[in-house]
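I have placed the structure first, in the form of structure tokens, so that the comments after it can refer back to it.
The values are calculated or read from the model by the stated rules, or taken from the named source; none is laboratory data. Just so you know, these numbers come straight off a predicted model, no measurement behind them. Cβ atoms come from the backbone with ideal geometry, glycine included; neighbour counts cover every protein chain shown. Side chains are part of the model used for accessible areas, which takes the heavy atoms of the whole protein and leaves out ligands, DNA and RNA. Shrake-Rupley method; radii C 1.70, N 1.55, O 1.52, S 1.80 Å.
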Amino acid sequence: MRVSVIGCGYLGAVHAAAMAELGHDVVGIDVDERKVAALTRGEAPFFEPGLPELLTAHVESGRLRFSTRMEDAAGSRIHFVAVGTPQSKTGNQADMTYVDGAIASLLPHTTAGEIIVGKSTVPVGSASRLAAVVAESGSGALLAWNPEFLREGWAVKDSLAPDRLVFGLPPEPEQAEVAESALREAYGPVLDLGTPLVVTDFATAELVKVAANAFLATKISFINAMAEIAEVTGADVTQLADAIGHDERIGRRFLGAGVGFGGGCLPKDIRAFTARAEELGRGESVAFLKEIDAINLRRRQRVVDHVVELLDDQPHGKTVAVLGLAFKPHSDDVRDSPALDVAVRLKGLGAHVRATDPEAIANSRALHPQLDYRESLEETLDGADVVVLVTEWDEYRYLDPAHVAGLVAGRRIVDARNSYDPQSWRAAGWTYRGLGRR
Ligand code: NAD
């Protein structure tokens, strides 16, 4: 099948490569010339395990091309739209400019029988509105919505073997049939794996995505709220999480107390959901998400407070070694990264912040050139007064406390991901602080 993917960022580039892997003839379109140039050379413009191999294989085989020209999408049976929906600069709502703009510039290149398939995360109601735009254009194309659940760091696997697929189809039965059969064909090999498929309407498909992210954010903030209570009661939140996690109705995953969530999805998605619910007159239904967001942001300040306390309230001029900058391991994405936020807050207090990350230094430097970035872990730790683990890359999780003690000026560590065994650090002479841990 000929397929186009409009928007080749963290989602779209992987989706395009995955579609080629599934056997389709794919063109990826993006307005960013540098991204398109890199992808055309078969290079991933960002860090994503497994993506370079897929790109190289399919750019070489000729099944995968990239272009900045929307007209090159012409002739595709499906056009996947995977452009960004960031938080608006003026409020909590999603900025739909890119989705609206991409569909407007795609429409003149579409004809009857083609399907425009939204993958971006959008406020509920967007697909109906956009279906009317598509219908009014007279191109004869149809619209469907197929939200994406991939996780950065596992995006290739999640695209080739997702845990479910959701098809949001138009209300008209004939149109729904055409869209469903095209989507079933596009995802044929994935469906053959036995992947669960939910075929539904636009509103449900849009809501599935934001509801899933709202649930995950809630789980994280729930355990972080327990960490706050543990901190004033002397309880240990990691043991608490283990104990409640044994209940299979609760489960242990996503109950890791720490500095909280970030990235290009969860924070902006729960805010956009709240804003959309308010527009619909149902703000109270998801008002709790404001609390989820507030708990999450408080944890970042708590990490900063721990560092300041360990420096006897005098952070000015002290060297803080920050381990990790990406919003999570296995990604170079620093959008709304708790780690970068903590580093910047500490810099704002006058500390000398030396920061490192295996993949995210370039993206961090572009946003915050004022920090002192070091490629090597040893250099970052050298002479530090306090160490903060903020993104739990394996490179940092398995540090030997005795070895690190020989590099730093002060044996003080804040473990913002509760990744370490406090006993072994204390035994090596460190003052250890976790979040919600004794
Ligand atoms: P991104 O910013 O990495 O990528 C968006 C891309 O769209 C950019 O490369 C940009 O240049 C391009 N673009 C913007 N306008 C365009 C246009 N008119 N024509 C062609 N290209 C255009 O964003 P992302 O992380 O890939 O997210 C995209 C969407 O997918 C968002 O709605 C996001 O919420 C959703 N999503 C992302 C993930 C993820 O893990 N990143 C997972 C699931 C869903």
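Hey, any hits in the stretch 210-229 for a residue that's over 30 Å from residue 434 (Cα atoms), in contact with a Pro (Cβ under 9 Å, 6 or more places away or on another chain) and modelled with pLDDT of 95 or more?
yes
Any chance you could count how many residues in the stretch 107-129 are within 14 Å of the ligand (Cβ to nearest atom) and in a strand (DSSP E or B)?
Number satisfying all stated conditions: 3.
Which residues, taken from the stretch 67-76, are open to solvent by 40 Å² or more (accessible area, probe 1.4 Å), of a type outside the set (D, E, K, R) and within 14 Å of the ligand (Cβ to nearest atom)?
Passing the criteria: only 68.
Looking only at the stretch 144-162, which residues are assigned to a loop (DSSP other than H, G, I, E, B) and either more than 16 Å from the ligand (Cβ to nearest atom) or under 17 Å from the mean Cα position of the chain (by Cα) (or both)?
Of everything in the stretch 144-162, those that are assigned to a loop (DSSP other than H, G, I, E, B) and either more than 16 Å from the ligand (Cβ to nearest atom) or under 17 Å from the mean Cα position of the chain (by Cα) (or both) turn out to be 147, 148, 149, 150, 151, 152, 153, 154, 162.
Any idea how many residues of the stretch 281-324 are small (Gly, Ala, Ser) and in contact (Cβ under 8 Å) with a residue 24 or more places away in the chain?
3
Please verify whether the stretch 136-143 includes one or more residues that are part of a loop (DSSP other than H, G, I, E, B), within 10 Å of the ligand (Cβ to nearest atom) and either open to solvent by less than 40 Å² (accessible area, probe 1.4 Å) or small (Gly, Ala, Ser) (or both).
No, every residue in the stretch 136-143 fails to be part of a loop (DSSP other than H, G, I, E, B), within 10 Å of the ligand (Cβ to nearest atom) and either open to solvent by less than 40 Å² (accessible area, probe 1.4 Å) or small (Gly, Ala, Ser) (or both).
So which of 281, 251, 245, 260 ends up being in the same structural domain as residue 364 (by TED's automatic domain parsing) and either surrounded by 19 or more Cβ atoms within 10 Å (Cβ to Cβ) or basic (Lys, Arg) (or both)?
260
Does residue 43 satisfy being farther than 20 Å from residue 114 by Cβ, in contact (Cβ under 8 Å) with a residue 24 or more places away in the chain and more than 12 Å from the ligand (Cβ to nearest atom)? Give the steps one after another, and end with the answer.
On the way: farther than 20 Å from residue 114 by Cβ: yes; in contact (Cβ under 8 Å) with a residue 24 or more places away in the chain: no; more than 12 Å from the ligand (Cβ to nearest atom): yes.
Judged against the criteria, residue 43 is not a match.
Can you tell me which of 104, 132 is within 9 Å of the ligand (Cβ to nearest atom) and part of a helix (DSSP H, G or I)?
Every option except 104 fails the conditions.
Would you mind stating whether residue 37 is over 19 Å from residue 148 (Cβ atoms), over 21 Å from the mean Cα position of the chain (by Cα) and not charged (D, E, K, R)?
Against the criterion (over 19 Å from residue 148 (Cβ atoms), over 21 Å from the mean Cα position of the chain (by Cα) and not charged (D, E, K, R)), residue 37 qualifies.
Please verify whether residue 179 is open to solvent by less than 20 Å² (accessible area, probe 1.4 Å) and over 25 Å from the mean Cα position of the chain (by Cα), treating the condition exactly as stated.
Taking the combined requirement at face value, the residue satisfies it.
Can you tell me which condition residue 79 does not meet? The list is (1) over 19 Å from residue 266 (Cα atoms); (2) open to solvent by 10 Å² or more (accessible area, probe 1.4 Å); (3) within 13 Å of the ligand (Cβ to nearest atom); (4) not aromatic (Phe, Trp, Tyr), and all the others hold.
Failed condition: (2).
Does the stretch 309-331 contain at least one residue that is under 30 Å from residue 217 (Cβ atoms), surrounded by fewer than 19 Cβ atoms within 10 Å (Cβ to Cβ) and over 26 Å from the mean Cα position of the chain (by Cα)?
Yes, that holds for at least one residue.
Given the conditions (1) open to solvent by 70 Å² or more (accessible area, probe 1.4 Å); (2) farther than 30 Å from residue 17 by Cβ, which single one is not true for residue 221?
Among (1) open to solvent by 70 Å² or more (accessible area, probe 1.4 Å); (2) farther than 30 Å from residue 17 by Cβ, the lone unmet condition for residue 221 is (1).
Looking at residue 236, is it within 26 Å of residue 339 (Cα to Cα), within 16 Å of the ligand (Cβ to nearest atom) and not β-branched (Val, Ile, Thr)?
When the stated conditions are applied, residue 236 does not pass them.
State yes or no: is residue 408 β-branched (Val, Ile, Thr) and either at pLDDT below 95 or in contact with a helix residue (DSSP H, G or I) (Cβ under 6 Å, 6 or more places away or on another chain) (or both)? Lay out the reasoning, then the answer.
Values: β-branched (Val, Ile, Thr): yes; either at pLDDT below 95 or in contact with a helix residue (DSSP H, G or I) (Cβ under 6 Å, 6 or more places away or on another chain) (or both): yes.
Judged against the criteria, residue 408 is a match.
Somewhere in the stretch 187-195, is a residue away from the ligand (no atom under 16 Å from the Cβ), buried (at least 21 other Cβ atoms within 10 Å of the Cβ), over 23 Å from the mean Cα position of the chain (by Cα) and outside any loop (DSSP other than H, G, I, E, B)?
no
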